[in-house]
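K.L.:
The structure under discussion is supplied below as structure tokens; questions concerning it will follow.
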Amino acid sequence: MTLFQISEPGESPLPHARKRAIGIDLGTTNSLVATVRNGLAVVLPDDEGQPLVPSVVRYGEQGIDVGYSALARAAQDPGNTIVSVKRLMGRGLADVGDDRRYPYRFVEGEGIIRIATRAGVKTPVEISAEILQALRKRAEASLGGDIDGAIVTVPAYFDDAQRQATKDAARLAGLTVLRLLNEPTAAAIAYGLDNASEGTYAVFDLGGGTFDISILKLSRGVFEVLATNGDSALGGDDFDHRVFCWALEQTKVPPLSAADARQLMTRARDAKEMLTGHDAAPIAAELSAGTIDAMLTSATFTDITRTLVAKTLAPVKRALRDAKLTPADIKGVVLVGGATRMPQIRRAVAEFFGQPPLTNLNPDEVVAIGAAIQANKLVGNRDGADWLLLDVIPLSLGIETMGGLSEKIVPRNSTIPVARAQEFTTFKDGQTAMALHVVQGEREKVSDCRSLARFELRGIPPMVAGAARIRVSFDVDADGLLSVSAREQTTGLEASIVVKPSYGLTDGEIARMLQDSFAHASDDAQARALAEARVDAERIIVATQSALAVDADLLAGDERAAIDRALDDVRRMSDGDDRAALAKAVAALNNATGAFAARRMDRGVARALTGKRVDALG
Amino acid sequence: MIDFSLNHFELFGLPSRYRIDETALEHAYRTLQGNVHPDRHAAAGDAQKRHALQASARVNEAYRTLSDPVARAEYLLHVRGIDATDETDTKLPVAFLTRQLERREAADEAADAHDEAALAALSKDVADDAVRLRAEVERALDGDDLPAARSLVRELRFLAKLAEDLDALRAVELDG
């Protein structure tokens, strides 16, 4: 029986007891989880050694699938298989635009997007939570216990609603979120610590669905983000879509069913990836609407995606301007995201900055690696270098004023955390309430900005217009998340605020979702028992191997063969999902090594005695 | 963690004057953030986390104010009991205002003609003016001539706004 160790509150049980910390890159196309192990950041693969989890969730007849198994069924069951859900985080139906791009049944309504699936109506937060949960379980199985803290990365250009949605998803997945970390900043940590480079760098991050550019200054152990910019709706998916449209035009195939569209989109992606190493790629698909058979050359691919490549350079220019720098000031350009493998992207970046980009780390893994390094530090594992990260908020935060204009309270690229306040006054005599509308974005008109939330301040004592002084405070924390409060200065009336997030979940909804997740708690308990059994198995395998390495001469031939057989059994069962069978194999191994252990102990005592002088025993 | 009653200069251990040692400011800023930043307290209890958040935001605000030449001047006046940011008081020397009005007209014309070079020249002009004005602000503030300082700081704020608007116009040309 296992005795659990419980330590003094607030103290680590042992000076060298490490906490389990993970970094998660929750991507549009693929997600990863990484951790720091023996001082080295590593991506945690699945049982088959695959590091990536496709960010795909399928609500099937038998249950929920995440990753490759869900992706494999995407074409047959497009309506219940949600891909690229990150694009929908913190968004409303109106933001989706052309919803024919999606084979889902969207539920009509205001606010957050809802999708009708076989398993009921799901929000992007719940769908993302399934991916995060799969990653959490992978990490628990690999690290042998509960995760103490996680960093989840977000595109630097994510607005408040998108960040909040990501944090809600992580909570729902049972993760303790140490921090939301901007993806380019995470990549810089992964690079900076390996290369120990001082200077100003640009991180060009083109993922599956988002584009970020960050300008960072690295000096004397401080990572300071000078400016960030981007497009939260531009990524590798858009290149796939261009190829998809091109293939349809070439072959004049009539409008497609959802299943056909998903299949052709997959072929389009395959062709795009093939063009990274080849001059031409075939696109062939047997669709119910007809046959597609086309050959895409890299010249044509470059041509049909020219506007997309140009779209990445405008934010790069804006970020440099905000940092008051020119391309010549940049010491190196780091490429992040699988989409930066496209040769036309690399050419455009090299041409703009006048130097070839840095690509020595795997662009798919660099964000998760950086997140793991930062998570390891934040959770309190003190090992290796020390550094400080100073990040910024990507988009200005403001309040709607008379005339539908945005009064900016926190300008973009302000270092976070940041607290700012501004005073407003009443417009009419005797006005006793004030509606506050919080917006995010750079444009003057509120209608061009993103609506974050609406508040009401009630109970203002009647005064003449302009006499009341209402101080509105904006607080942005280190995750880049905003909270707003209001206070009438002459009376000290604190806002009786009703928060209505424009594109978010209310606390009540989160509570309900957490409640629902308890229904699956027994699954979780089983998964955890299996994970613990695997860790036990690993421990006994290692112990047996090291004993054999030292004292194998104590065993007769048949004894040794029996132990080797038992070891193989444990290894095999450890790869499976049957906890009872694994426990049995472990017990058998224990049995087979019983006599061996006794002989080793005798030999150990004999050695200890001969190694010491007799008087030392007294 | 930090003493919230200190003013920004005291917080960074710097003399309360306009001329500033930028290296010392940056060093003090980094040292303080190294202690109070929420990342340093991510594994702590809620109360400590909240305190770190407030302290770190305060240090950021102090650094932003002191590292910006206009905000620093306004803050120094504020510390000495003078409000230079009251928008109901718009009095500025006529010669100064006339000159800026001419610049605004030139900027509008250049923008209409999509003449980025002309906008860049105007920007440079305004930046040069601001450098001269900052030297005057320094003499007035550090020489304790507060009424003169107040007027000069308001001119400096005016130029900063103009420079910002010129940057925005240039951005339109450069992005286009």
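K.L.:
Among residues belonging to the stretch A:33-73 that are of a type in the set (D, E, K, R), assigned to a loop (DSSP other than H, G, I, E, B) and free of Cβ contacts under 8 Å to residues at least 24 places away in the same chain, point out the one that is surrounded by the fewest Cβ atoms within 10 Å (Cβ to Cβ).
P.N.:
Filtering first and then ranking leaves A:E48.
K.L.:
Continuing with the same structure: When only residues in the stretch B:121-143 that are of a type in the set (D, E, K, R) and closer than 15 Å to B:R72 by Cα count, which is most open to solvent (accessible area, probe 1.4 Å)?
P.N.:
Ranking the qualifying residues of the stretch B:121-143, first place goes to B:R139.
K.L.:
Could we say that B:L174 is open to solvent by less than 40 Å² (accessible area, probe 1.4 Å) and among the aliphatic types (A, V, I, L, M) here?
P.N.:
No; evaluated as a whole, the condition is false for this residue.
K.L.:
Test of understanding: among B:A52, B:A62, B:A28, B:A24, which residue is more than 16 Å from the chain's Cα centre (by Cα), within 12 Å of another protein chain (Cβ to nearest Cβ) and of a type in the set (G, A, S)?
P.N.:
Result: B:A52 is the single residue among B:A52, B:A62, B:A28, B:A24 that is more than 16 Å from the chain's Cα centre (by Cα), within 12 Å of another protein chain (Cβ to nearest Cβ) and of a type in the set (G, A, S).
K.L.:
Do you know which residues across the stretch A:256-266 are open to solvent by 40 Å² or more (accessible area, probe 1.4 Å) and within 26 Å of the chain's Cα centre (by Cα)?
P.N.:
A:M265, A:T266
K.L.:
Among the residues of the stretch A:446-467, which ones are surrounded by fewer than 18 Cβ atoms within 10 Å (Cβ to Cβ) and within 32 Å of the chain's Cα centre (by Cα)?
P.N.:
Scanning the stretch A:446-467 gives A:S447, A:D448, A:R454.
Rundown of residues vs (1) surrounded by 16 or more Cβ atoms within 10 Å (Cβ to Cβ); (2) closer than 29 Å to A:A161 by Cα; (3) modelled with pLDDT of 80 or more; (4) not small (G, A, S), yes/no style:
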residue: A:L514; (1), (2), (3), (4): no, yes, no, yes
residue: A:A531; (1), (2), (3), (4): yes, no, no, no
residue: A:A537; (1), (2), (3), (4): yes, no, yes, no
residue: A:A549; (1), (2), (3), (4): no, no, yes, no
residue: A:A556; (1), (2), (3), (4): no, no, yes, no
residue: A:D575; (1), (2), (3), (4): no, no, yes, yes
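K.L.:
Considering (1) crowded, with 19+ Cβ neighbours inside 10 Å; (2) touching a residue at least 40 places away in the same chain (Cβ under 8 Å), say which one A:L88 fails and leave the rest.
P.N.:
In the conditions (1) crowded, with 19+ Cβ neighbours inside 10 Å; (2) touching a residue at least 40 places away in the same chain (Cβ under 8 Å), A:L88 misses (2) alone.
K.L.:
OK, next. What's the total number of residues in the stretch A:115-138 that are open to solvent by 10 Å² or more (accessible area, probe 1.4 Å) and either within 14 Å of another protein chain (Cβ to nearest Cβ) or out of contact with any Pro (no Cβ under 9 Å at 6 or more places or on another chain) (or both)?
P.N.:
Residues flagged as open to solvent by 10 Å² or more (accessible area, probe 1.4 Å) and either within 14 Å of another protein chain (Cβ to nearest Cβ) or out of contact with any Pro (no Cβ under 9 Å at 6 or more places or on another chain) (or both) within the stretch A:115-138 amount to 13.
K.L.:
Do we have A:G23 as within 14 Å of chain B (Cβ to nearest Cβ), buried (at least 18 other Cβ atoms within 10 Å of the Cβ) and in contact (Cβ under 8 Å) with a residue 12 or more places away in the chain here?
P.N.:
Yes, satisfied.
K.L.:
Residues of the stretch A:91-114 being touching a residue at least 60 places away in the same chain (Cβ under 8 Å), more than 15 Å from A:Y59 (Cα to Cα) and open to solvent by less than 50 Å² (accessible area, probe 1.4 Å), which ones?
P.N.:
Passing the criteria: A:R91, A:G92, A:G111, A:I112.
K.L.:
Select from the stretch A:385-396 the residues that are in contact with a Ser or Thr (Cβ under 9 Å, 6 or more places away or on another chain) and of a type outside the set (S, T, N, Q) and list them in ascending order.
P.N.:
A:L389, A:L390, A:D391, A:V392, A:I393, A:P394
K.L.:
Now, a different point. Can you report the number of residues in the stretch A:148-181 which are under 17 Å from A:I22 (Cα atoms) and away from chain B (no Cβ under 13 Å)?
P.N.:
12
K.L.:
Same structure, new question: Residue by residue through the stretch A:400-418, note down the ones that are out of contact with any Ser or Thr (no Cβ under 7 Å at 6 or more places or on another chain) and of a type in the set (A, V, I, L, M, F, W, C).
P.N.:
Passing the criteria: A:M402, A:L405, A:I409, A:I416, A:V418.
K.L.:
Would you be able to tell me the number of residues in the stretch A:274-288 that are touching a residue at least 24 places away in the same chain (Cβ under 8 Å) and either at positive phi or part of a loop (DSSP other than H, G, I, E, B) (or both)?
P.N.:
The total comes to 3.
K.L.:
Also, quick follow-up: Give, as residue ranges, the strands (runs of 3 or more DSSP E) completely inside the stretch A:324-422 that count at least 1 residues that are open to solvent by less than 50 Å² (accessible area, probe 1.4 Å) and more than 14 Å from chain B (Cβ to nearest Cβ).
P.N.:
A:332-336, A:397-401, A:405-410
K.L.:
Could you tell me whether the stretch B:135-156 includes any residue that is within 14 Å of chain A (Cβ to nearest Cβ) and at pLDDT 85 or above?
P.N.:
no
The values are calculated or read from the model by the stated rules, or taken from the named source; none is laboratory data. Source: prediction; values computed, not measured. Note that we place each Cβ from the backbone using ideal geometry, even for glycine, and neighbour counts take in every protein chain shown. We work out accessible area using only protein heavy atoms, side chains counted, and drop any ligands, DNA or RNA first. Shrake-Rupley method; radii C 1.70, N 1.55, O 1.52, S 1.80 Å.
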